[in-house]
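Report on one structure; see the data block that follows.
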Amino acid sequence: MTDQATRAAGPAPSPQRAARDVPDVPKEPVFTTQDLNIHYGSFHAVTDVSMEFGKNEITALIGPSGCGKSTVLRCLNRMNDLIPAARVSGEVRYHGIELYGPKIDPIEVRRRIGMVFQKANPFPKSIYDNIAYGPRVTGMKVDNMDDLVEQTLRRAALWDEVKDKLKQNAYGLSGGQQQRLCIARAIATNPDVVLMDEPCSALDPIATLRIEELMAELRELYTIIIVTHNMQQAARVSDRTAFFTVKVNETTGDRTGGLVEYDRTTKIFENPSDQRTEGYISGRFG
Amino acid sequence: MRQSGRTRIAVDAARAGTESLERRGIDVKGELFRAVLLLCISIGIVMLATLLAYVIVAGWPRLDLSLFTEMPSTRDPNTSGFLPAIVGTLYVMIGVLVTTVPIGVSAAIYLEEYADSSKWYNRLIEVNIQNLAAVPSIVFGILGLAFIVRGPWGLGFVAFAGSLTLMMMVLPTVIIASREAIRGVPSTLRHASLGLGATRWQTVSRQVLPVSLPGILTGTILAMSRAIGETAPLLLVGATTFVRFLPEGLFDGAYSVITVQIFQWAMRPQEEFRTLAAAGSIVLVALLLLMNSVAIWLRNKYSRAY
Ligand SMILES: Nc1ncnc2c1ncn2[C@@H]1O[C@H](COP(=O)(O)OP(=O)(O)O)[C@@H](O)[C@H]1O
Ligand SMILES: [Mg+2]
């Protein structure tokens, strides 16, 4: 399903949980970035991003394709290290610790900051082994793996659907179930943060809804940062929204991604302060 | 609306070109090309079939159990068999297997998962593996004679010297096939594993290798079947000896292999020995076909799209 379809089908996006009290600035930041710049080789993909991500909040990153949302997201758990050309400069602090400091082990970082990808990517193993993989490779102390698998699947609201086929290959699940399995797999190690890169872009509306419900529940336990193309989704699930766009340098013509506006989701969708944000959320651009 | 008017004209023009749906005569060039291709394939198949038929007809009278159980004899071709050569081949192939697989797969893992291909030394390794695959087998025989049988290693004319010589020859095949298989593992799988905090080695050993195993196995079997049919390099590293006893081990005593034994029988003037050679060839060809079939079966069974 495309964004266009979503946009056309539903009413204009409006924040669903206005009731939830979101402070003006995150009370307890999990991540703080200061003048974050990311290059791929000589290409300046993201320029000067400074923002804070709050604990136990859902932060949405929105913006047109190619504006660097995934790039910023991957930089928060050092997945960018896997791209040889990628170079990060500026500051990224995680609970005050410089994430790109010389002593930081990217593997330890990823154990605390899990990730869910755009396309569901379960391992070609059983459902059980998919969940148990993280605890096994990280050497987590587990008294009873069966219990852990059950608890995790329950937390991911998947238990009832898969409890009779734990030993079956995960590829037998539907697309939406596979993606929820990937979320379950990510939380099995009890991370601090879960990063999600367009987790619903390949799913139908019902599967999307289930994942959104799941995110709302998981917020109590984890900090969630989600990249989404779907503005209604951002409006529905997130507490805060950051709008990125592609900025064009007028003299050189170089394009680079950057943060335009970052605020409470209600503010962004009801009363954005930047023209570009307003243009994007009203569907006039992007 | 000017715009839509122009679009209409463009669409009409495009349609005009596809108006006729009927065939426009015979595509002579295409048909000719197809005929040539068919001819080429036929030549290959006919030659193979002729060869097989000839060998089977020639060797049929001696294709019995004594072939597998008897020692060779230069005096009595009718009770002469291939036993030491079969055992020798087995020894040599075990040696090839246990050396080629670990070295070849490790090299493939290094090149695919760890090597930074922008570094000159990694590119040098890659180019050299390609080159190695193109070296004539007799050259490996000379190398084996100079460095493994004599020279620094000085193993002597033993089965393991034959193994190492053949290993050098088939290593590029195994490396290239394994790299191919490892490269076929989707990167989403690696990212999933690394994203959970797995180390690179955990990712390789628990995700990448199991998925690429069928491809690696296929490459290995094909490499082994190439090694088993090889004669030239083995002639240089000791398999020439006419042995009437079983090899004592991988590292002791003279040995022979099936191909060399066939070669020796075929060189003799008497008709009976030629029959014996043909019978040995049947065994060898059957073995090769079996190995290749297993490889193809494996590939088909496990080839799936992610
Ligand atoms: N691995 C990469 N190598 C080089 N350029 C990349 C890579 N990944 C992304 N880019 C570039 O960086 C920019 C931002 O990409 P991305 O973060 O994927 O955008 P988004 O997720 O907002 O669509 C794009 O111009 C894209 O082409
Ligand atoms: Mg993206």
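The values are calculated or read from the model by the stated rules, or taken from the named source; none is laboratory data. Predicted model only: the values in this text are computed from it and were never measured. Note: ideal-geometry Cβ built from the backbone for every residue, glycine included; neighbour counts use all protein chains shown. Ligands, DNA and RNA are stripped out before the accessible areas are found, and what is left, the full protein with its side chains, is counted by its heavy atoms. Shrake-Rupley method; radii C 1.70, N 1.55, O 1.52, S 1.80 Å.
Of all the residues that make up the stretch A:107-125, how many are under 14 Å from the mean Cα position of the chain (by Cα) and within 16 Å of ligand 2 (Cβ to nearest atom)?
6
Looking for something in contact with a Pro (Cβ under 8 Å, 6 or more places away or on another chain), assigned to a helix (DSSP H, G or I), open to solvent by less than 20 Å² (accessible area, probe 1.4 Å) and modelled with pLDDT of 90 or more - is there at least one such residue anywhere in the stretch B:212-220?
Just the residues of the stretch B:212-220 that are in contact with a Pro (Cβ under 8 Å, 6 or more places away or on another chain), to begin with: none.
No, because not a single residue in the stretch B:212-220 is in contact with a Pro (Cβ under 8 Å, 6 or more places away or on another chain), assigned to a helix (DSSP H, G or I), open to solvent by less than 20 Å² (accessible area, probe 1.4 Å) and modelled with pLDDT of 90 or more.
Consider the stretch A:146-197. How many of its residues are more than 14 Å from chain B (Cβ to nearest Cβ) and touching a strand residue (DSSP E or B) at 6+ places or on another chain (Cβ under 9 Å)?
Counting residues in the stretch A:146-197 that are more than 14 Å from chain B (Cβ to nearest Cβ) and touching a strand residue (DSSP E or B) at 6+ places or on another chain (Cβ under 9 Å) gives 4.
How many of the residues making up the stretch A:84-103 are within 14 Å of chain B (Cβ to nearest Cβ) and either free of Cβ contacts under 8 Å to residues at least 12 places away in the same chain or open to solvent by 60 Å² or more (accessible area, probe 1.4 Å) (or both)?
So the count comes out to 1.
Suppose we keep only residues that are over 22 Å from A:Thr208 (Cβ atoms) and touching a residue at least 24 places away in the same chain (Cβ under 8 Å) within the stretch A:114-130. Which one would you say is farthest from the other protein chains (Cβ to nearest Cβ)? Walk me through it before giving the result.
Here is the first cut: in the stretch A:114-130, the ones over 22 Å from A:Thr208 (Cβ atoms) are A:123-126, A:128-129.
From what's left, touching a residue at least 24 places away in the same chain (Cβ under 8 Å): A:123-126, A:128.
Numbers: A:Phe123: 6, A:Pro124: 6, A:Lys125: 9, A:Ser126: 13, A:Tyr128: 15 Å.
The selected residue is A:Tyr128.
Could you tell me which residue of the stretch B:250-302 is nearest to the chain's Cα centre (by Cα), considering only residues that are open to solvent by 80 Å² or more (accessible area, probe 1.4 Å) and of a type in the set (Phe, Trp, Tyr)?
B:Trp297
Identify the residue in the stretch A:248-279 that is farther than 18 Å from A:Glu52 by Cβ and within 16 Å of ligand 2 (Cβ to nearest atom) and, among all such residues, is least open to solvent (accessible area, probe 1.4 Å).
So the residue we want is A:Gly257.
All but one of (1) small (Gly, Ala, Ser); (2) away from ligand 2 (no atom under 16 Å from the Cβ); (3) open to solvent by less than 10 Å² (accessible area, probe 1.4 Å) hold for A:Ala242, so report the exception by its number.
Against the list (1) small (Gly, Ala, Ser); (2) away from ligand 2 (no atom under 16 Å from the Cβ); (3) open to solvent by less than 10 Å² (accessible area, probe 1.4 Å), A:Ala242 comes up short only on (2).
Taking the stretch A:57-83 as the search range and keeping residues that are within 9 Å of ligand 1 (Cβ to nearest atom) and in a loop (DSSP other than H, G, I, E, B), which one is most open to solvent (accessible area, probe 1.4 Å)?
A:Ser65
Consider B:Ala198 carefully, then state whether it is surrounded by 22 or more Cβ atoms within 10 Å (Cβ to Cβ) and either assigned to a loop (DSSP other than H, G, I, E, B) or within 14 Å of chain A (Cβ to nearest Cβ) (or both).
yes
Specify the residue that is surrounded by the most Cβ atoms within 10 Å (Cβ to Cβ); the eligible residues are those in the stretch A:196-205 that are outside any loop (DSSP other than H, G, I, E, B) and within 12 Å of ligand 2 (Cβ to nearest atom). I'd like the intermediate steps shown before the answer.
Pass one, the stretch A:196-205, residues outside any loop (DSSP other than H, G, I, E, B): A:196-197, A:205.
Then drop every residue that is not within 12 Å of ligand 2 (Cβ to nearest atom), which leaves A:196-197.
Numbers: A:Met196: 26, A:Asp197: 20.
That would be A:Met196.
Residue-by-condition table, conditions (1) more than 14 Å from ligand 1 (Cβ to nearest atom); (2) touching a Lys or Arg at 6+ places or on another chain (Cβ under 7 Å); (3) at pLDDT below 90:
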{"site": "A:Pro199", "(1), (2), (3)": "no, no, no"}
{"site": "A:Glu212", "(1), (2), (3)": "yes, yes, no"}
{"site": "A:Tyr222", "(1), (2), (3)": "yes, no, no"}
{"site": "A:Asn230", "(1), (2), (3)": "no, no, yes"}
{"site": "A:Thr245", "(1), (2), (3)": "no, yes, no"}
{"site": "A:Arg264", "(1), (2), (3)": "yes, yes, no"}
